[in-house]
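Read through the structure below, which is laid out as structure tokens, and then see the notes.
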Amino acid sequence: MDLLQTFAAQSVLAIQNARLFTEIEEKSRQLEVASQHKSQFLANMSHELRTPLNAILGYTELMLDQIYGEVPAKMRGVLDRVQSNGRHLLGLINDVLDLSKIEAGQLTLTVASYSLEDVMHGVVTSVESLATEKRLALRLDIPSKLPAGRGDERRIAQVLLNLVGNAIKFTEKGEVAIAASATNGSFNIAVRDTGPGISPADQVKIFEEFHQADNSATKTKGGTGLGLSIAKRIVEMHGGRIWVESSPGSGATFSVSLPVKVQPELERA
């Protein structure tokens, strides 16, 4: 009787476990479907939002160029703010679109030959005015001869724009320095700032989606918390890695190690 009771108890547990496993599998399937619907919704909404926003930015640019007549100084200031905020919003929408593509497995690399030197000069040109406005020194250190790279030039520029843009955004005085070198088949890129620094706890989470360092500076500067997550995925798609070294009050250095030439299997992915 004792043996039969033991078998009966174990059978009940086995049946309950089987039922729980079935329920978990069904919930997982439902969550996966919901996640796919969410990603598709985000992608569709991002596309729908970008079209009118690009039109607004286009007309604003035409007005600033005085295509429709002379623009008074007071109106120019307003149009400048419209353009600045519109571009910021467009950047946020693009981040959401990239995230939805990553989650749906639709973000792919367009691989071709590129010059890292040209990419870095382009990034500096794009953010130079931001650094000037904050009176920050913007330094670029590139060797005279870097090997030709093979990868997705636009996506690599996106990563560097995010890192340098963040460094300028969170640095109130001092400088932002960008350096690059090539050793053992890899590009080594570092973006160093003299900002507030990042705590060890936040360094663990900073590359996660929708996460920002928990301090007053990040809360006042805003953002979606997607840029570093997307940058990490792009770097990893190239077969590289990205990391940060920092301590509170001592600035931060974001480093990227990127293969000079993306591997064939990654190129086909």
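A compact table of results
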item: Whole-Hz couplings from phi, Karplus 6.51/-1.76/1.60, listed for region 238-254; x for Gly and Pro; result: 7, x, x, 8, 9, 8, 10, 10, 6, 8, x, x, 10, x, 9, 10, 9
item: In Å², nearest 10: area of S250 left accessible to a 1.4 Å probe; result: 90
item: Extension gain from R50 to K205, taking 0.36 nm per residue of separation minus the Cα-Cα distance; result: 52.9 nm
item: Extended-chain gain in nm, criterion 0.36 nm per residue less alpha-carbon gap, S126 and Q5; result: 36.0 nm
item: Rounded to whole Hz, the Karplus (6.51, -1.76, 1.60) HN-Hα couplings of region 86-97, x for glycine and proline; result: x, 5, 4, 5, 4, x, 5, 5, 4, 4, 5, 5
item: In nm, spacing of pseudo-spin labels at E70 and S144 (7 Å Cα→C-beta vector); result: 5.3
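The values are calculated or read from the model by the stated rules, or taken from the named source; none is laboratory data. Values in this document were obtained by computation on a predicted structure and should not be read as measured data. Positions of Cβ are backbone-derived with ideal geometry, glycine not excepted, and every protein chain shown enters the neighbour counts. The accessibility values were calculated without ligands, DNA or RNA, using every heavy atom of the protein model including side chains. Shrake-Rupley method; radii C 1.70, N 1.55, O 1.52, S 1.80 Å.
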